[in-house]
Amino acid sequence: MNISLKKFSLLTLSMVLAATLTACSSGAGSEEVASPSTQQDAGGPLTKYDPPIKLTSTMAETGKETLAEGDTQASNIWTRGYKDELGIEVTYDWIVPDTNYNDKMNVTLASGDLPDVLKVSAVQFEQLHEAGMLEDLTEVYDKYASDLVKEFMSAEDGAGLKPVTKDGKIYAMVSFPGSLDSSDMIWIRQDWLKKVGLEAPKSMQDVIKIAEAFTFEDPDGNGKNDTFGIAMNKDLPINGFLLGHHGYLETWIKDESGQVVNGTVQPEVKEGLQELQNLYKKGVIDPEFGVKDFAKMMEDVNAGKSGMFFLPQWAPFQVSSMIKKDQNVDWMPYPVQSIDAEPAKTQNHLSLGGIFAVRKGYEHPEALIKLLNFQAEKMFGESAETERADYLNGLTGLGFQNATVSNLPANKNVKAQDEVEQAIKTGDTSGLGLEAKLFYEDIMDYRNGNLDKWHMERIFGPESSQGVIKYYRDHDLIMMNEFIYAPTKTMNTKQATLDKLRAETFLKIIYGSLSIDEFDNFVANWKKLGGDQITQEVNEVINASK
């Protein structure tokens, strides 16, 4: 969940948390309360408690559509499974819509009346840890986590656990989907590419040539000058373009000295903005893009107004309606391309689907681990072959939202794509996993005429977005964001100002109302308005975590 703190500053909330620590009606104790986890043996990863234990938590209403008839988020297949198979009676202190979850959790933290298992944001986790209100889970994780959960948590060199590890101790579990799906790529209308007589891009120069042809060579064949090469909106989805100039927008990267710096203020970004300004002057970019949001941009794309955009792997969902209207329309993903001899890399970001901690003093901290074991087993373990459909309620990839805590195999989509591609190539489906089998069947359904499944072809087929991601992975073309931790103190107070400065300046540069040299003034202002302090804090956090 992406939750931002709105009501309380770090200092204020930490003081409130510390002051109310002993007043928690759920039984939270003081910092001196020793972890009880070593005082008993709770059996194996999925051993049932006898007698049963009680556990409280909270829930966001994100999975109601996957509930079986008669079930609620307070009582469903997950809560029954916990009770019947684990001996854990889970109840929720509150259940609210997802949009209200953060505010409700802030109030709960300030009250000190904490549930046993806390599902929190990175900022809230930092506050709870600073106040000494979380159980150390290091021993219970080592002892009780199943092999499957440990496999999930170890993905990408254990990157998911790094933000919740302090001084070598683990204070929370995480839902870590992996970073690969955040990869940038270029989407190009393949039917237009054929119409203008050009080949797939092999360089940034090719990308620019294609964009210009899509603007000036009547790719839709209507005899009118009414198309644009590149789709854009006011939020500036230009990462995939800037990567061609080796510019890493809003990504923390190492410079030649080993210092971590923000890619936004590096000269490579200036070079990319210069090219975008040139393309705007030529008419390759819609002159009204600065007043259009994402939805309006995609509306124009679906109306056949643009032939290229820069979005991640899920882009086919945005244009699938075009294919149902006109089977000649075809969008194809391509890796980002380089302006010079240095290969272009995608920029990837670590994101956490959730952080799950245990309040200090709860008698069974290992219960959190067992809940994660249970969810992993039902969806991805040996039980999944016969029971997964029950827990999904028949909906592919959904259902886990109703679990109290959950995790998914990191980067599972690219693995599924590889299985699907091999099955299509060989005709042998015996190597398909559960999800890959569903994806394969959808692709076969599309190839047999069901246009509703086109998006599965372009996400998981041989020529697909997951195929592009696999190319990045296999050719070491990923620039990973070095900062994977909670926002620093100055980020919390200054980042919004810096984001606004960047958005306004970049928009005006592309429009041409500001000279490209204004980028240098932007960098100077960015540094003065908090950027230098944030950079110092980022390096301090990273160095302290080594």
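The values are calculated or read from the model by the stated rules, or taken from the named source; none is laboratory data. All values derive from a computational prediction rather than experimental measurement. Don't worry about glycine lacking a Cβ; one is built from the backbone with ideal geometry, like all the others, and counts go over all protein chains shown. Heads up: the accessible areas ignore ligands, DNA and RNA and are worked out on the full protein's heavy atoms, side chains in. Shrake-Rupley method; radii C 1.70, N 1.55, O 1.52, S 1.80 Å.
Worth pointing out:
This table checks each residue for (1) surrounded by fewer than 16 Cβ atoms within 10 Å (Cβ to Cβ); (2) within 24 Å of the chain's Cα centre (by Cα).
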site	(1), (2)
ASN450	yes, no
SER464	no, yes
THR488	no, yes
GLU504	yes, no
GLY512	yes, no
PHE519	no, no
LYS527	no, no
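- Some residue of the range 351-362 being under 22 Å from ASP476 (Cβ atoms) and either open to solvent by 50 Å² or more (accessible area, probe 1.4 Å) or not hydrophobic (A, V, I, L, M, F, W, C) (or both): yes
- Check on LYS209, under 25 Å from the mean Cα position of the chain (by Cα) and open to solvent by 40 Å² or more (accessible area, probe 1.4 Å): no
- Residue within the range 251-272 that is surrounded by fewer than 17 Cβ atoms within 10 Å (Cβ to Cβ), among the small types (Gly, Ala, Ser), modelled with pLDDT under 95 and not in a helix (DSSP H, G or I) present: yes
- So LEU180, is it out of contact with any Pro (no Cβ under 8 Å at 6 or more places or on another chain), open to solvent by less than 50 Å² (accessible area, probe 1.4 Å) and free of Cβ contacts under 8 Å to residues at least 24 places away in the same chain: no
- Residue satisfying all of: in the range 301-357; small (Gly, Ala, Ser), within 30 Å of ILE369 (Cα to Cα) and not in a loop (DSSP other than H, G, I, E, B); modelled with the highest pLDDT among these: ALA357
- Some residue of the range 410-424 being open to solvent by less than 50 Å² (accessible area, probe 1.4 Å) and on the phi > 0 side of the Ramachandran plot: yes
- Some residue of the range 181-188 being in contact with an Asp or Glu (Cβ under 9 Å, 6 or more places away or on another chain) and at pLDDT 95 or above: no
- The set of residues in the range 220-245 that are open to solvent by less than 30 Å² (accessible area, probe 1.4 Å) and touching a Ser or Thr at 6+ places or on another chain (Cβ under 9 Å) comprises THR227, GLY229, ILE230, ALA231, MET232, GLY240, LEU243, GLY244, HIS245.
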